[in-house]
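Every read-out reported here was derived from the displayed coordinates using simple, explicitly stated rules and does not represent laboratory data. Since the model is a prediction, treat every value here as computed from it, not as a measurement. Cβ: placed from backbone, ideal geometry, glycine included. Neighbour counts: every protein chain shown.
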Ligand SMILES: [Zn+2]
């Protein structure tokens, strides 16, 4: 679970309109990059993002283990989240697009016209002031289960 201080969120203007989209875009990018470090499958990692967590009163991203029984992915993430965030930032900076594209922060329709710059800012602030706390696996996700968490059971029953 990665949270941003309310102060930083305010400074970035994240709580307003389209900019909130940059927060979830940051989450999606982190989720995409993280499996490289965790050596897991992308679908092993669940993501929920809240621009203003009802529990923490500030923006929160929840990256969690979707493997049945858990295989310690959140512990690994806790230890290595900075590497993951740095890698995500490198993706943003390394992409040749101007405003964001599916190869980096996502299509403009999803992350907003200013999404690429905002996601870069958010990642830089996360690296500077963000706090990653391991969520308590006994408690699960705080607050109501965000619908996105359970939304993609694609292929779950296959094989
Ligand atoms: Zn791009």
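Quick check: pseudo-label points 7 Å beyond the Cα along Cα→Cβ at residue 11 and residue 41, how many nm apart are they?
4.1
Based only on other Cβ atoms within 10 Å, what is the fewest-to-most ordering of 36, 118?
The fewest-first ordering by Cβ neighbours comes to 36, 118.
Give the peptides 74-80, 86-92 in descending order of average Cβ contacts within 10 Å, highest first.
Peptide ranking by packing, descending: 86-92, 74-80.
Computed on alpha carbon atoms, what radius of gyration and Dmax characterise the stretch 2-142, expressed in Å?
Over the stretch 2-142's Cα set, Rg and Dmax evaluate to 14.1, 43 Å.
List the residues of the stretch 65-91 whose backbone N lies under 15 Å from a point placed 7 Å from the Cα of residue 103 along the Cα-to-Cβ direction.
The answer is 90-91.
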